[in-house]
């Protein structure tokens, strides 16, 4: 496994973890309805990160396409999360943007 693949898998794992944490913390917020977009994208992002990791680990012929989609969803999730002042949202946004960058490299 080359270093780019390893780095991307690590970024996906960190993003998945941040999205799951953000998802769980958003459910604890007073105004859960206000957090609905964030919660929804956290789920989408965590799921595509898991799929992207699996595709890289098994050297899937669809790896580039999956990583490109992962980058798009991570960017969308990061953009949503950065709108919220909660610490978990800000950390999630940072992880999402890092993952999006790593996945774009894999998709190239």
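Worth pointing out:
- Only one of 107, 68, 18 that is modelled with pLDDT of 95 or more and either within 18 Å of residue 1 (Cα to Cα) or buried (at least 19 other Cβ atoms within 10 Å of the Cβ) (or both): 18
- Apart from one condition, residue 30 fits all of (1) surrounded by fewer than 19 Cβ atoms within 10 Å (Cβ to Cβ); (2) outside any helix (DSSP H, G or I); (3) in contact with a helix residue (DSSP H, G or I) (Cβ under 7 Å, 6 or more places away or on another chain); the exception is (3).
- Taking each residue of the stretch 1-19 that is over 30 Å from residue 37 (Cβ atoms) and looking for partners that are surrounded by fewer than 18 Cβ atoms within 10 Å (Cβ to Cβ) with beta-carbon atoms closer than 7 Å, six or more apart or interchain, yields 4/105.
The values are calculated or read from the model by the stated rules, or taken from the named source; none is laboratory data. Please read these numbers as outputs of a predicted model, since none were measured by experiment. Backbone-built Cβ (ideal geometry, glycine too); neighbour counts: all protein chains shown.
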